[in-house]
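Colleague: First the structure, then my questions, so here it is.
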Amino acid sequence: MSKKRLNIAHLHWGFPPIIGGVETHLTIVLPQMVKSGHSVSLLTGAVEGVQGRYDWEGVQIYRTPIMDLNWLYKRGLTGLQEEIFKTFYDFLHTVEPDVIHAHNMHYFSETHARILEELASGRGVPLVLSAHNVWDELEFLELVTHKVNWTHIVAVSHFIKRELIGVGVDDKKITVIHHGVDEDKFRPNVDTQAILRKYPRLKGKHVIFHPARIGLAKGCDVSIKAINLVRRKHPDVMLVLAGAKNIIDWGGTQQKDIAYMVHLINHFGLRDHILIDVYSLDEVKEIYGLSKVCLYPSSSNEPFGLTMLEAMASARPMVVTNMGGMPEVIQDGINGFVVPVRDFESLALRVSELLTDDALRERLGYTGRQMVESQYTKERVTKDILSLYKKLL
């Protein structure tokens, strides 16, 4: 391919201050593409108080209400076809992309996906889908198989690839590219003074970090039940849970889940052993630095779990469940532990073991950091995506 510099158009429903796994992935990869010499633009959802167009680390950000899933869920999708077409047309006309890369547009709205395919086809440019999730619903089934002709699909784990093949997607049309992490930001020995000033109750505690937004699907209830057992042997244990603000809550389940968790904490009398708040990305980095063990006992098929890489990069062992793509990254007894789903007793045993055995905890954490440096850097994931673009062009 003679043209070295690419114009790349990305589309996703959210971007910071909206937070989540896909949003974090975009903050890692898009600036890295700019550093590689490419022109990168992102069309994403509007957020109150954030301007509609601006430059973010060299990436051109365009915001529109018709990509805001929280608004779309409340309003409904009827009668929006013309507005979606015009917004997508204007964005692509401005960017003049060589490749269009959509993230998680194989669900939520058939209208968005089909209009995007029509415009990509009219321009004669590849339309790449990153499948960060799969859903057991008809809309997902139809949008990945026959209603939209994706040029190629990036699966974020072998688990996602298997699920796509299972519903009839040609395996030659799918490439697995694991996420990467900013290994310079998430690292061992970060300064934790600021987070301790903000949360002095964490000082001198055995901090256990569950770095996922509060929800039953993320296994937060399992973590609470496990800590209820761990505190008997380690009375100074403190579980840190991440609350939710600025997230995509398609279906509006978040508040119900939080209410249940608060009830569970009160039921066990655990208020002195659990901290729940909303943390900035810098604060999250410092909480990893304070923590001794990280947990992700998801009870749903987690597609990948970017927080695993953050914990590993911070040289912290992580305990996960044998769900989805997580066992592809956390290897039992090597950089963490894998426990059966919803088994709070097994989770408690592994946490207690790691709190008791300093050498084991440090060995698993050190191995995780080595794995990140060799396999999961931001440079590696960006290079793999750009290589795929070049093959398609």
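The values are calculated or read from the model by the stated rules, or taken from the named source; none is laboratory data. For clarity, every value in this text was computed on a predicted model and none was experimentally measured. Cβ: placed from backbone, ideal geometry, glycine included. Neighbour counts: every protein chain shown.
Colleague: Counting only residues that are under 20 Å from Leu239 (Cβ atoms) and charged (D, E, K, R), which one in region 327-357 is surrounded by the most Cβ atoms within 10 Å (Cβ to Cβ)?
Modeller: Among residues in region 327-357 that are under 20 Å from Leu239 (Cβ atoms) and charged (D, E, K, R), the one surrounded by the most Cβ atoms within 10 Å (Cβ to Cβ) is Arg350.
Colleague: Here's another thing I want to ask about it. Hey, does region 14-26 have a residue that's of a type in the set (A, V, I, L, M) and without any contact (Cβ under 8 Å) to a residue 60 or more places away in the chain?
Modeller: Kept after step one, since they are of a type in the set (A, V, I, L, M), are these residues of region 14-26: 18-19, 22, 26.
From the residues that got through so far, the ones that are without any contact (Cβ under 8 Å) to a residue 60 or more places away in the chain too are none.
Within region 14-26, not a single residue is of a type in the set (A, V, I, L, M) and without any contact (Cβ under 8 Å) to a residue 60 or more places away in the chain.
Colleague: Sticking with this one: Which of the following residues is assigned to a loop (DSSP other than H, G, I, E, B) and modelled with pLDDT of 95 or more: Val319, Val381, Val341? It would help to see each step written out before you state the result.
Modeller: Details: Val319 fails: assigned to a loop (DSSP other than H, G, I, E, B); Val381 fails: assigned to a loop (DSSP other than H, G, I, E, B).
Of the residues listed, the single one that is assigned to a loop (DSSP other than H, G, I, E, B) and modelled with pLDDT of 95 or more is Val341.
Colleague: Which count do you get for residues in region 180-189 that are of a type outside the set (D, E, K, R) and surrounded by 17 or more Cβ atoms within 10 Å (Cβ to Cβ)? Quick ask: steps written out before the conclusion?
Modeller: The initial filter retains those residues of region 180-189 that are of a type outside the set (D, E, K, R), namely 180-181, 186, 188-189.
Narrowing further to those that are surrounded by 17 or more Cβ atoms within 10 Å (Cβ to Cβ): 180-181, 186.
Count: 3.
Colleague: Within region 117-139, does at least one residue satisfy the condition of being without any contact (Cβ under 8 Å) to a residue 24 or more places away in the chain and polar (S, T, N, Q)?
Modeller: Scanning region 117-139 turns up no residue that is without any contact (Cβ under 8 Å) to a residue 24 or more places away in the chain and polar (S, T, N, Q).
Colleague: Still on this model: Kindly indicate which of Val167, Val125, Val176 is under 18 Å from the mean Cα position of the chain (by Cα) and in the same structural domain as Phe88 (by TED's automatic domain parsing).
Modeller: On the way: Val167 fails: under 18 Å from the mean Cα position of the chain (by Cα); Val125 fails: under 18 Å from the mean Cα position of the chain (by Cα).
Exactly one residue qualifies, and that residue is Val176.
Colleague: Under 7 Å between Cβ atoms, at least 6 apart or on separate chains: pull out the pairs that start in region 326-343 with a residue that is touching a residue at least 40 places away in the same chain (Cβ under 8 Å) and in the same structural domain as Ser223 (by TED's automatic domain parsing) and end on any residue that is buried (at least 16 other Cβ atoms within 10 Å of the Cβ) and among the hydroxyl-bearing types (Ser, Thr, Tyr).
Modeller: As it stands, the answer is Glu328/Ser157; Val339/Thr321; Val339/Ser346; Val341/Ser299; Val341/Thr321; Arg342/Ser299, since those pairs meet every condition given.
Colleague: Right, something else. Restricting region 70-83 to residues that are over 18 Å from Glu117 (Cα atoms) and crowded, with 17+ Cβ neighbours inside 10 Å, which is nearest to the chain's Cα centre (by Cα)?
Modeller: Asn70
Colleague: Would a scan of region 294-305 turn up a residue that is touching a residue at least 24 places away in the same chain (Cβ under 8 Å) and part of a helix (DSSP H, G or I)?
Modeller: So in region 294-305, the residues touching a residue at least 24 places away in the same chain (Cβ under 8 Å) come out as 294-305.
Add one more test, that the residue is part of a helix (DSSP H, G or I), and what stays is none.
No.
Colleague: List, please: which pairs have Cβ atoms under 9 Å, are six or more places apart or on different chains, and start with a residue in region 44-56 that is at positive phi and assigned by TED's automatic domain parsing to the domain that holds Glu23 and end with one that is surrounded by 11 or more Cβ atoms within 10 Å (Cβ to Cβ) and part of a loop (DSSP other than H, G, I, E, B)?
Modeller: Gly49/Pro17
Colleague: Pick from Lys161, Lys147, Lys185: which is farther than 29 Å from Phe344 by Cβ, outside any helix (DSSP H, G or I), free of Cβ contacts under 8 Å to residues at least 40 places away in the same chain and not small (Gly, Ala, Ser)?
Modeller: Working: Lys161 fails: outside any helix (DSSP H, G or I); Lys185 fails: free of Cβ contacts under 8 Å to residues at least 40 places away in the same chain.
From the options Lys161, Lys147, Lys185, the qualifying one is Lys147.
Colleague: Filter region 157-179 down to residues that are acidic (Asp, Glu) and exposed (fewer than 15 other Cβ atoms within 10 Å of the Cβ) and give me whichever is nearest to Tyr376 (Cα to Cα).
Modeller: Here is the first cut: in region 157-179, the ones acidic (Asp, Glu) are 163, 170-171.
Okay, now just the ones that are also exposed (fewer than 15 other Cβ atoms within 10 Å of the Cβ), so 170-171.
Numbers: Asp170: 26, Asp171: 23 Å.
The qualifying residue nearest to Tyr376 (Cα to Cα) is Asp171.
Colleague: Here are some residues: Thr64, Thr24. Which one is surrounded by fewer than 22 Cβ atoms within 10 Å (Cβ to Cβ) and at pLDDT below 95? Don't jump to the end; show me each part of the working.
Modeller: Working: Thr64 fails: at pLDDT below 95.
Checking each option against the conditions leaves just Thr24.
Colleague: Still on this structure, please answer the following. Taking the condition of being under 22 Å from Pro16 (Cβ atoms) and at pLDDT 90 or above, how many residues in region 218-260 meet it?
Modeller: 3
Colleague: If you take the residues of region 84-124 that are among the β-branched types (Val, Ile, Thr) and in a helix (DSSP H, G or I), which of them is surrounded by the fewest Cβ atoms within 10 Å (Cβ to Cβ)? Let's see the steps before the verdict.
Modeller: Within region 84-124, the subset among the β-branched types (Val, Ile, Thr) is 84, 87, 94-95, 99-100, 111, 115.
Filter once more, so that each one left must be in a helix (DSSP H, G or I): 84, 87, 94-95, 111, 115.
On the way: Ile84: 19, Thr87: 19, Thr94: 14, Val95: 20, Thr111: 16, Ile115: 21.
Among those that are among the β-branched types (Val, Ile, Thr) and in a helix (DSSP H, G or I), it is Thr94.
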